[in-house]
1. Suppose the filter is surrounded by 21 or more Cβ atoms within 10 Å (Cβ to Cβ) and either away from chain A (no Cβ under 11 Å) or among the basic types (K, R) (or both); does B:V311 pass it?
2. Exactly one of these conditions fails for B:M251: (1) out of contact with any strand residue (DSSP E or B) (no Cβ under 6 Å at 6 or more places or on another chain); (2) more than 14 Å from every other protein chain (Cβ to nearest Cβ). Give me its number.
3. Which of (1) within 12 Å of chain B (Cβ to nearest Cβ); (2) within 15 Å of the chain's Cα centre (by Cα) does A:A356 not meet, given it meets every other one?
4. State whether the residues of segment B:411-419 include one that is buried (at least 24 other Cβ atoms within 10 Å of the Cβ), touching a residue at least 24 places away in the same chain (Cβ under 8 Å) and in contact with a Leu (Cβ under 8 Å, 6 or more places away or on another chain).
5. May I ask you to say which residue of B:E552, B:E530, B:E560 is within 23 Å of A:V537 (Cα to Cα), part of a helix (DSSP H, G or I) and of a type in the set (D, E, K, R)?
6. When you go through (1) more than 8 Å from chain B (Cβ to nearest Cβ); (2) farther than 21 Å from A:V436 by Cβ one by one for A:Q463, which number turns out not to apply?
7. Identify, please: which residue in segment A:172-198 is among the small types (G, A, S) and within 11 Å of chain B (Cβ to nearest Cβ) and is, among those, farthest from A:E265 (Cα to Cα)?
8. Looking at segment B:60-76, which of its residues are in contact with a Phe, Trp or Tyr (Cβ under 9 Å, 6 or more places away or on another chain) and farther than 14 Å from B:F122 by Cα?
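The values are calculated or read from the model by the stated rules, or taken from the named source; none is laboratory data. Quick caveat: nothing in here was measured; it's all calculated off a predicted structure. Cβ atoms come from the backbone with ideal geometry, glycine included; neighbour counts cover every protein chain shown. Note: accessible area is taken over every heavy atom of the protein model, side chains too, but ligands, DNA and RNA are not part of it. Shrake-Rupley method; radii C 1.70, N 1.55, O 1.52, S 1.80 Å.
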2 protein chains.
Amino acid sequence: MSFACPVADQRLVLTHIVRMPELAKSNRFAEATSDTVDALLEAAAEFAEGELAPLNEVGDREHSRWNEGAVTTPTGWREAYGKFVEGGWMGLSAPVEWGGQGLPHSLTAAMMEDFNAANVAFALCPMLGLGAIEAVEAHGSDELKRRYLPKMVSGEWTATMNLTEPQAGSDVGALKSRAVPAGDDSWRVSGTKIFITYGEHDLTDNIVHLVLARTPDAPEGTKGISLFLVPKVLDSGEANDLQCQSIEHKMGIHASPTCVMGFGENGGATGWLVGPERGGMRAMFTMMNNARLNVGLQGVGIAERATQRAVAYALERKQGQRAGLPMPIADHPDVRRMLVRMRALTMASRALAYYAFGQVDRETLGDREAGLRADIVTPLVKGWCTDVGCEVASLGIQVHGGMGFIEETGAAQYLRDARIAPIYEGTNGIQAADLVARKISLEGGLPFDGLIADVRAEAQHEQLIALTDAVEILVATAREAEPNDRLAGSYALMTMTAVMTAGWLMERLSRAIDMGEAGDINAGRRSAIEYFLSVIVPEAIGLGSAVESGAELLFRAPAEELA
Amino acid sequence: MSFACPVADQRLVLTHIVRMPELAKSNRFAEATSDTVDALLEAAAEFAEGELAPLNEVGDREHSRWNEGAVTTPTGWREAYGKFVEGGWMGLSAPVEWGGQGLPHSLTAAMMEDFNAANVAFALCPMLGLGAIEAVEAHGSDELKRRYLPKMVSGEWTATMNLTEPQAGSDVGALKSRAVPAGDDSWRVSGTKIFITYGEHDLTDNIVHLVLARTPDAPEGTKGISLFLVPKVLDSGEANDLQCQSIEHKMGIHASPTCVMGFGENGGATGWLVGPERGGMRAMFTMMNNARLNVGLQGVGIAERATQRAVAYALERKQGQRAGLPMPIADHPDVRRMLVRMRALTMASRALAYYAFGQVDRETLGDREAGLRADIVTPLVKGWCTDVGCEVASLGIQVHGGMGFIEETGAAQYLRDARIAPIYEGTNGIQAADLVARKISLEGGLPFDGLIADVRAEAQHEQLIALTDAVEILVATAREAEPNDRLAGSYALMTMTAVMTAGWLMERLSRAIDMGEAGDINAGRRSAIEYFLSVIVPEAIGLGSAVESGAELLFRAPAEELA
């Protein structure tokens, strides 16, 4: 089934949620005119639809393959990546100084949504590059920037994020990889890293690994961690001391090689510090925050693709009759419900994710409040938008009936691909913990209260007002609660807060449509918004008891007794 | 990971929900003594754990394979099926007259839960046999019973259900397969059927196909449909005129061959009527109602297996520290929440499913009210328990973090296998439609009101009382509503009604545990019940707006505009 990028929806959100015209008034983003936005959306759509979408099923079927340390990507992957580099897509929001175009991150978000929708296993590769560019730019030495950023920004070299070790997953502080000074300005890095996305591949000549490791005498835990840039190939042209030891056999994103990486088996891989020694966590979070928002966009992209496919199938497939004529299943109320729900969740997750990128752009312009708002909504984007991706993909299977379970239909791949997003870059449970343990109390709680106040100032639907009331009370209680009680209800609070924020943004979209500002956006969007406010928002209210239930109930019995 | 059948839970539900001691007072079920029940549960557990569970991953990896009409099941499948027949498992609840043991269906339910948990792709084969035995027994001629039932009951021959055709899925009435009289008492059947589970395999010498087809001059739609028994091999030893044309490549249940079956390509497959001509739908529903309850048990079984695996992993996997010691992830509140939720949903779905089988058993004893209660809860069991299977399997992946996405871990297979259950034997949307279009108004609504009254008479938790109030009001409104409005809210009403009924049964279990009647059932069960009542029940209340939202909103825009 052909896929068409949702250009009109994206333009609506960029205009009325991101408020791109405001951003374009700054010197920094003066290039982001309405014409540029339109041209970019069209060009990204063309690339996604024409080059990436046709490879999505190929990648799922062929997988990337490992052979004695080398990884071969599926048929067509290399060519598509070549065109990606040629198109200059990697540098859209990267600094002009290093060859980028310096456009707002929210435009890159639109591009990434398209690429995710077309082929999430492909898009994962540049996604990691985006975070790595930010980290090197923010924390790297001038020398390191000069040597690496131009080719990272052009996409000629890809990048990876090496955090996880077998014993250190969510608990990053438990990692054991080591780095020792080499005597010059370089270090010798050694250790084993797992779950390294695109840790090895045949798309480019070099791969820039960003690796967390401990330096000699560093304290235990996260405070002793430093970040190193470890290239696959050294400036001399020599291969560095690292290798891909195997790749994983996964439920989805088959074409994206998930690598076990061994560093320094022959004396140590050569690397350079990014940021100060023991300042690795800070540098990592630069990369991680970017990646978290981008993983949220994977949910949005897959939801868009699944929705389009389901609507097309539901219009084409006939079951039953009306007035003697075969009836498309889209006209059966419960199927229509699924389609409206899919569209509503997709729109809402897009609005929330783009909103976050818009706040990041404002932070870039020096707006500190916007930066804090971005901090607050980041766990919501990562946590909720990825849950939306799974729910919408699963509904997409259901719309297809028996055909949905047949792999050739394509609907099943979306769920298999979407299912990783709630896990990586910090599980959604970690996002929920971040919300209740840090974000609701950030700077005395003022930024979070500011979000509530903004929603309250505009909310019109009675259910949205009721949800906002509920969130406000629950957050006040959570701030006073014991840590474990707060954590016990964290996931439900994350969902409620995300739905509240997305509902607020959906109302904004609704007003834009009502005022005729939406261009060619159609009536289906209006009913999806109304469905979100009148059905999905009340469902979120129903999670209040989960937020309040507390830790005592969960820990009343030892975990063994749940087996 | 080793799997242990939940014998203590099953005994608790059989005693206090099915109320097996009451059933055993009847002549018909006098054999179902407490000792028999215990012995059967232990023996079923031994077979499931020892023979079927070890083949589950093998089946997923190897798939069943098609080659020129023949289907080869994975390594070990034939041997396991042989032991299944030897054990007499197929005939547990089948009539003594035909070689069965005549035990209550609720005991077969416990056995099937175990087999589903151990290996749902294997258990699917006998599952279809159970429905076929019922259909032939209820509607077949004495001659047909004599010829086929003994070997179907022993399991020497398996059976299939041939409904779906390319153009006729949920709309069974659109089927085109034909049957013409052969001049003797047999018919010549021709047509193509799709999605035929175990339509061909190498487990047995013969396969009994039950095939829906139209006879000459039959009216259009469901009224013109008849059911035929079409064996793979005729009494003469000759092959019948039918073949497996291909098998599907599916998201899950890889070992279960899903066949395209061609009947009568060489003049017509020989078959015999089951029930009267044009009485096919009634015969089919005998088979279908059984299958719907059994598909619900697939959700229960997979949920049990996923829960056990997740608890074991969460106890073994350490992340973070407490008092200087490595901390199992089970002690992190959000992970514990997932485990408690998984256990709560698993228990509740088991209680609901077994309850339904208990009502079927009472119907067998001539209790008409129980039969109506079974009719009402059948869509709840099929619809909700299969949704539970998917939710719990997905939570199981999440508990495993990154490892959950790696196929070798095993958690992903449960979700891939579980995802078919909301689709086949009538999609869950069809179940929801059955609830609102037929079941809430059956016999003037008295049986449904009886369910509400039963729940109300016992419900103690304030949230359960609130949910019951909500369901009562929503059902009253639904009965008066336009059909499309009723259907628009049907799915949410199905979930609410299922959670209400399961909550009622969970309170019963709670009382049994409080009174010390639960034997070795542990404290984890108590907290899971409390979690269900205080968290999951309120979530269901949050679906009220979805029930009330109506069709107008869904149909406000043409479906094209949702693309």
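1. So B:V311 fails the test.
2. With (1) out of contact with any strand residue (DSSP E or B) (no Cβ under 6 Å at 6 or more places or on another chain); (2) more than 14 Å from every other protein chain (Cβ to nearest Cβ) applied to B:M251, the lone miss is (2).
3. It is condition (1) that A:A356 fails.
4. Yes, because at least one residue in segment B:411-419 is buried (at least 24 other Cβ atoms within 10 Å of the Cβ), touching a residue at least 24 places away in the same chain (Cβ under 8 Å) and in contact with a Leu (Cβ under 8 Å, 6 or more places away or on another chain).
5. Details: B:E530 fails: within 23 Å of A:V537 (Cα to Cα); B:E560 fails: within 23 Å of A:V537 (Cα to Cα).
On inspection, the qualifying residue turns out to be B:E552.
6. With respect to (1) more than 8 Å from chain B (Cβ to nearest Cβ); (2) farther than 21 Å from A:V436 by Cβ, A:Q463 is out only on (1).
7. A:G173
8. Matches in segment B:60-76: B:V71 only.
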